[in-house]
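Structure first, then comments.
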Amino acid sequence: MGEAIAFYVISALILGFAVLVITTRNTVHSVLFLVLNFLAVAALYVLLTAQFLAVIQILVYAGGIVVLYLFVVMLVNLKRPPEVHADPHRRSSLGFSLSVLVLAELAAIVVYGRLTPAPVAATAEGTDLAVNNVERIGYLLYTDYLIPFEVASMLLLVAMIGAIVLAKREL
């Protein structure tokens, strides 16, 4: 009963912080609410006996990703008016065609994932979740969830390159 109440309270906090991230006008406050959201998700992982995921959530997301967001917020001058001229070197058709290609690739991955049977997990049945938590996460991350893992890493790489390009333009 107590775990259910804690689950619902933490879930309500996660939803509340997510709404505050979107609705807050100050970008620094929005990033701080995002940190609180990540910490609440880590608390939910602890409640679900996934301590390794909770620690990774705090280290990677509440630590690294939020620092990246803060750098972007600090480097981009939000009070600057938008550019009035169009860049002559911009290739909108190329960008649109590449985005259609990526969308088609993601659709093919989803169709392929639905058509192929799921592999059987290699861990023994009836083992303690806390003991084999890291092993199970590693196995699933590099077998069933390899494509989403790589897509997330590519998105983070693109965000980092975008922040560098924006910072270099100002220097």
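Using 7 Å Cα-to-Cβ label points, what is the Ser30/Val100 separation (nm, one decimal)?
3.1 nm
Label the range 1-55 by shape, choosing from rounded, prolate and oblate, from the square roots a ≥ b ≥ c of the eigenvalues of the Cα gyration tensor; if a/c is under 1.5 it is rounded, and otherwise prolate applies when a/b is larger than b/c, oblate when it is not.
oblate
When you count, for each residue, the other Cβ atoms within 10 Å and take the mean per peptide, how do 11-23, 32-44 rank with the highest first? Don't skip to the answer; put the middle values down first.
Numbers: 11-23: 14.1, 32-44: 19.5.
Ranking the peptides 11-23, 32-44 by packing returns 32-44, 11-23.
With a ≥ b ≥ c the root eigenvalues of the C-alpha gyration tensor of the range 24-67, is it rounded (a/c under 1.5), prolate (a/b larger than b/c) or oblate?
Note, shape of the range 24-67 comes out oblate.
Every number in this text was worked out from the coordinates using simple rules, so none of it is lab data. Just so we're clear, the structure is a prediction, and the values are computed from it rather than from any experiment. Counting neighbours? That spans all protein chains shown, and the Cβs are built from the backbone with ideal geometry, glycine included.
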